[in-house]
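For reference, the structure is listed below as structure tokens.
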Amino acid sequence: MDHGGQDRIGLDHVALLRGINVGTAKRVPMVELRAAAEELGHQRPATLLNSGNLVFSADRPLGADDADALRAAVLARTGVDAELVVLAGDAFARIAAANPLRDESREAKSLSVAFAQAGRPVIEEAPPASDLAPELMVVTGEAVYQWLPDGVLASRVPAAWWRSLAVPVTARNDATVRKIEALLASRRLVASS
């Protein structure tokens, strides 16, 4: 079966590490992140920016156990234990494109997508909109979308709400999400040629 070249080079996945390379704590060199993926047998690892965005190919769809294995490999290589989310590339692209708050009138850096670990739905309801205004928040089974006009640090969403989630999530601003989408698209072009 031909999947546009995916049989030859595997299925693209996105790993998003949480809370690394912010300030001086939890420093993870991107070369070590790529090496950790290669140690697990993943192909064509590529990183984007310095904030723990990894795209790689695997020979099968990956899940939560594979995310745990990557987390352990990063810890073994760097001494940093960072939560992470792993999604199939097509799932990442679908979730990104489904952002109901994505609007050209909104600055991409003020939009945020918190991606949930594949196969583990977000089941919490958003706090009441009246408590968040002027922020906007939409919670779906796969992601939490936010518009943060006053910035992430000024968010009105209580930290306790995020801690109440039964599923790991990690957020990226929409500028970064769009860069990952572009990287995935360029990889698909290479795979199909």
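Values in this text are rule-based calculations from the coordinates and carry no lab data. Here the structure is a predicted model, which is why all the values come from computation and not from measurement. Here Cβ is always computed from backbone atoms with ideal geometry, including for glycine, and neighbour counts include all displayed protein chains.
Numbers below:
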| read-out | value |
| --- | --- |
| Efficiency of FRET between Asp68 and Ser130 - r from beta-carbon atoms, R0 41 angstrom, step 0.05 | 0.60 |
| Prolate/oblate/rounded label for the range 62-165 (Cα gyration tensor, a/c 1.5) | prolate |
| Length added when fully stretched, Ser192-Glu32, from 0.36 nm per residue minus Cα-Cα | 54.7 nm |
| For Ala58, net neighbour charge (Lys/Arg +1, Asp/Glu -1) across residues whose Cβ lies under 11 Å away | -1 |
| Of the DSSP H helices in the chain, those whose Cα atoms cover at least 15 Å axially and whose Kyte score averages -0.5 or more | 64-78, 174-192 |
| Contact order relative to length of the range 77-193, as percent, for alpha carbon pairs under 8 angstrom and 6 or more apart | 33 percent |
| Gyration tensor (alpha-carbon) shape descriptor, the range 43-98, a/c threshold 1.5 | prolate |
| Relative contact order of the range 31-73, pairs being alpha-carbon contacts under 8 Å that are 6 or more residues apart, as % | 38 percent |
| Equivalent ellipsoid semi-axes, the range 1-114, via Cα gyration tensor eigenvalues times 5, rooted, Å | 23, 22, 11 |
| Label of the coordinate-derived value, Rg/Rh (Cα atoms, Kirkwood Rh), listed as (i) 0.97; (ii) 1.03; (iii) 1.08 | (i) |
